[in-house]
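Here, each number is a calculation from the coordinates, and none is a lab measurement. Predicted model only: the values in this text are computed from it and were never measured. Counting neighbours? That spans all protein chains shown, and the Cβs are built from the backbone with ideal geometry, glycine included.
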Amino acid sequence: MSHRVIPVDPFDYVVFGGTGDLARRKLLPALYQRHKDGQIPPGSRIVAVARTRREDEAFRETVRTSLQEFLPGAESDGCAVDAFLAMVSHVAVDVEADAGWQDLAAFLAGAEDRIRAFYLAVGPDLFGKICTGIGRHRLVTANTRLVIEKPIGSSLATARAVNEAVGSVFAEDQIFRIDHYLGKETVQNLMVLRFGNSLYEPLWNSAHIDHVQITVAESIGVGSRAGYYDSAGALRDMVQNHILQLLCLIAMEPPDSLDANSVRDEKLKVLRALKPIGEDEIDVCTVRGQYRAGASEGGAVVAYGDEIARSESATETFVAIRSEICNWRWAGVPFYLRTGKRLASRVSEIVVAFKAIPHSIFPKGSGVIHSNRLVLRLQPDEGVKQWIMIKDPGLGGMRLRHVPLDMSFATSFQARNPDAYERLLLDVIRGNQTLFMRRDEVEAAWAWIDPILEAWERSGAAPRPYTAGTWGPSAAIALIERDGRNWHEDSG
Ligand code: NAP
């Protein structure tokens with residue numbers, strides 16, 4: 001894997017929440033890596049905005065510590081870190097108290113011609129106030145972009161309110177709604193597999209595909225994000241954004257080009273074609289779960305309610321959904337979605353299961369003929385496996401085996417696997433919105449999610465318990481087995 005430097009002009013990256021967890025774990029390490037690769041031109045500036053004032057030097061030392069903590073040892077070596085820290089500064093702005101804006105305006109003054117990106121790595125309750133402050137202090141230039149993180153709302157109505165608030169200051173072509181899943185290598189590869197090969201596209205429809213599975217499983221619990229997570233739950237936290245975005249890329253029609261609006265127009269059509277799941281189908285098409293005490297990551301772990309010190313919580317930490325897309329290409333093909341915390345292992349993958357062969361010519365005793373599967377692994381070990389039937393080599397008659405053609409990116413391409421944020425942060429500077437969500441996409445996703453939330457709310461049923469370290473409630477297994485199918489297990 002080689003990294004290419006696509007020249008960009010010097011820029012200013014202003015990170016609101018630049019001292020927070022997201023900035024420390026992801027944004028600053030990603031910018032550092034691109035700087036080390038030579039992708040960030042001299043003269044560029046990274047400004048961490050936060051409420052609490054810090055001395056510049058002390059702040060830079062905390063960035064150094066973060067790089068050491070969140071990058072593999074050899075990546076954060078002395079000289080490269082010093083050069084990176086020289087472009088990092090801190091400005092204190094308390095957006096709630098409306099203080100410090102003049103300092104930020106003074107910092108940016110005189111650099112109106114360069115590309116300027118505002119990254120809002122803060123809670124969504126501050127998005128509106130920050131945009132208003134940016135507008136009022138005339139910090140929006142012709143070359144300004146705004147990046148916002150999930151969660152964009154917690155329902156269609158609240159998402160609209162967020163979009164209205166940011167849209168009152170920034171034009172849609174300046175707004176970059178980030179979903180870091182779209183920056184992952186395998187997700188990019190999904191588009192190349194589909195549209196860079198003539199092999200798959202003729203088969204990519206209900207005539208040849210039996211079903212699709214999307215799994216985003218985490219082995220960790222809620223960690224330090226308990227407050228947010230308990231108010232959100234797995235459906236809002238994972239399905240509304242990451243999983244539906246993956247579903248769109250699998251199911252969309254071929255766009256005319258990789259141009260942002262061509263791709264986003266096609267994704268939007270998929271979201272609008274999702275079959276609504278209402279009250280009458282909620283029990284057969286969805287499963288909510290919440291973990292109980294068990295064993296995970298090599299040790300005993302407590303139940304979700306104990307972990308967040310709110311034993312009465314009815315928030316789901318697991319969800320499985322049987323969804324369908326109502327159009328000619330996908331009619332009758334189920335898309336099974338599942339995600340959860342404290343599951344048996346950390347794995348994110350897309351499984352495209354092809355239909356069984358119509359007739360076997362092989363004698364009894366040759367072995368079971370399994371259907372072909374294309375498995376795209378997003379994490380860990382990003383890669384692609386195409387499961388096929390082959391003859392077991394050697395004499396002794398026809399013996400059939402199901403084996404993967406296996407391409408692991410780490411072993412096939414001897415280079416560092418970049419974090420998704422590295423690509424996305426620089427796409428913002430390049431003004432490329434292809435991997436970012438448009439307003440109508442976000443709202444269409446909520447329009448499908450809202451009725452599920454409402455039906456759950458009306459049913460009043462508690463989430464089904466599952467033991468931490470397993471694959472979720474048994475009802476999630478029943479959800480797919482009722483259709484005569486199984487969740488994919490990688491035996492290769
Ligand atoms: P965090 O660790 O709590 O950091 C919050 C940041 O916002 C701090 O830098 C804080 O500055 C700043 N801030 C808070 N109130 C402010 C105010 N009134 N004026 C100016 N700055 C203020 O939060 P986080 O985990 O980084 O998350 C940030 C956002 O990203 C959230 O919306 C979260 O849902 C989203 N997100 C986070 C992750 C993740 O992995 N952490 C992943 C995806 C999305 P002080 O330190 O000075 O208070």
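Taking Cα atoms only, the orientation of helix 127-136 departs from the longest principal axis of the chain by about 40 degrees.
For the peptides 94-100, 273-279, 395-401, 347-353, the ranking by packing is 347-353, 273-279, 94-100, 395-401, with the highest mean count of neighbouring Cβ atoms within 10 Å listed first. Taking every DSSP bridge with both residues inside the chain, close to 55 percent are antiparallel. Highest average first, the peptides 224-235, 464-475 ordered by how many other beta carbon atoms sit within 10 Å of their residues are 464-475, 224-235. Using only side-chain charges placed at the Cβ, +1 for Lys and Arg and -1 for Asp and Glu, the dipole size of the chain relative to its Cα centre rounds to 920 debye. Rounded to the nearest 10 degrees, the angle from helix 185-195 to the longest Cα principal axis of the chain is 60 degrees. Bridges between two residues of the range 11-149, per DSSP, are antiparallel at a rate of about 5%. Axis of helix 260-273 versus longest Cα principal axis of the chain: the two differ by about 50°, to the nearest ten degrees. In a simple Cβ point-charge model (Lys, Arg +1; Asp, Glu -1; nothing else charged), the range 11-149 has a dipole of about 300 debye relative to its Cα centre. Computed over all pairs of different Cα atoms, the Kirkwood value for the hydrodynamic radius of the chain is 24.3 Å. With the convex hull of its Cα atoms as the shape, the range 11-149 has an orientation-averaged projected area of 7.8 nm².
The spacing between the range 116-168 and the range 1-70, judged by their C-alpha centroids, is 20 Å. Sparsely packed loop sites in the range 312-384 (the chymotrypsin sites (Phe, Trp or Tyr not before Pro) outside DSSP H, G, I, E and B with at most 11 other Cβ atoms within 10 Å) comprise Trp328. Here Lys129 is the anchor, and the lysines within straight C-alpha reach of less than 18 Å, apart from those fewer than 8 places off in the same chain, are Lys150.
Using the Cβ-Cβ distance between Ser360 and Ala80 with R0 set to 51 Å, the FRET efficiency from 1/(1 + (r/R0)^6) comes to roughly 0.30.
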